[in-house]
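Trainee: Right, I'll just put the structure down here and ask away after.
The values are calculated or read from the model by the stated rules, or taken from the named source; none is laboratory data. Being a predicted model, the structure only gives us computed values, none of them experimental. Here Cβ is always computed from backbone atoms with ideal geometry, including for glycine, and neighbour counts include all displayed protein chains. What goes into the accessible areas is simple: the full protein's heavy atoms, side chains included, and nothing from ligands, DNA or RNA. Shrake-Rupley method; radii C 1.70, N 1.55, O 1.52, S 1.80 Å.
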Amino acid sequence: MITLAISSLKGGVGKTTCAINLAFSFAKRGWKTLLVDADPQGSVGLSLSPSAQTYTGLYEILHSGVPFDQAVLKTKIDTLSIVMAGKIPTNEISKWCSSLQDGERLAPFFKTAAETGYDLVILDTPSGLHGPTEGILRRCSHVLVPQQCEPLALRSLMLTVDFLNQLQTENE
């Protein structure tokens, strides 16, 4: 199974748009694809449905032990499913983000996705290199880093590349 994080230090660079469109494109090509909204803001859900914040999601799977299959939303495309961010209480967001930083809490999620037969898991991450983003980058096999065409973006890209090199060195 391929795990692809869509990640950037900067917000507003098109991470969510990229994640949604890649998931749709791969699913239309026949890949069994799972799109995961790992951003506490719930950007994937807000892009797709106004009621998305009412859905059980990643938070409930990892925090409350909700079974994987109860949080996976089927779509009109047989090969595309979505896991929303979930109903994260506002006063728990910081603690939730910190709990994902080392990536260990995500391991069972990825294992279940693989056992369920997904070919590809695409994760839309929050901006920055902390919390869920760091944990996801520790667990993913691939990373896509959307960037804006501006000087500041080059600086953030180099920081991201340095961080990814650090992770690769840690895993060797």
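Trainee: Counting only residues that are in a helix (DSSP H, G or I), of a type outside the set (A, V, I, L, M) and surrounded by fewer than 16 Cβ atoms within 10 Å (Cβ to Cβ), which one in the range 107-117 is farthest from the chain's Cα centre (by Cα)?
Mentor: Glu115
Trainee: Being assigned to a helix (DSSP H, G or I) and open to solvent by less than 10 Å² (accessible area, probe 1.4 Å) is the filter; apply it to the range 118-135 and report the residue that is nearest to Ile6 (Cα to Cα).
Mentor: Out of the qualifying residues, it is Thr133.
Trainee: Please tell me if Arg138 is in contact with a Ser or Thr (Cβ under 8 Å, 6 or more places away or on another chain), part of a helix (DSSP H, G or I) and open to solvent by 10 Å² or more (accessible area, probe 1.4 Å).
Mentor: For Arg138, the condition - in contact with a Ser or Thr (Cβ under 8 Å, 6 or more places away or on another chain), part of a helix (DSSP H, G or I) and open to solvent by 10 Å² or more (accessible area, probe 1.4 Å) - is not met.
Trainee: Can you tell me which of (1) without any contact (Cβ under 8 Å) to a residue 12 or more places away in the chain; (2) open to solvent by less than 40 Å² (accessible area, probe 1.4 Å); (3) not acidic (Asp, Glu) is the one Lys95 doesn't meet?
Mentor: With (1) without any contact (Cβ under 8 Å) to a residue 12 or more places away in the chain; (2) open to solvent by less than 40 Å² (accessible area, probe 1.4 Å); (3) not acidic (Asp, Glu) applied to Lys95, the lone miss is (2).
Trainee: How many residues are closer than 16 Å to Thr133 by Cα and either open to solvent by 50 Å² or more (accessible area, probe 1.4 Å) or aliphatic (A, V, I, L, M) (or both) if we restrict to the range 50-82?
Mentor: Result for the range 50-82: 2.
Trainee: Shifting gears a bit: State all residues of the range 21-33 that are out of contact with any strand residue (DSSP E or B) (no Cβ under 7 Å at 6 or more places or on another chain) and touching a residue at least 24 places away in the same chain (Cβ under 8 Å); if no residue qualifies, say none.
Mentor: Lys28, Gly30, Lys32
Trainee: Give me the pairs: first residue in the range 124-143 and of a type in the set (Asp, Glu), second residue assigned to a helix (DSSP H, G or I) and open to solvent by less than 40 Å² (accessible area, probe 1.4 Å), beta-carbon distance under 7 Å, and six or more apart or on different chains, which are they?
Mentor: Asp124/Lys15; Asp124/Thr16; Asp124/Ala19; Asp124/Ser43; Asp124/Val44
Trainee: I'd like the full set of residues that are within 18 Å of Gln41 (Cβ to Cβ) and charged (D, E, K, R), limited to the range 84-114.
Mentor: Lys87, Glu92, Lys95
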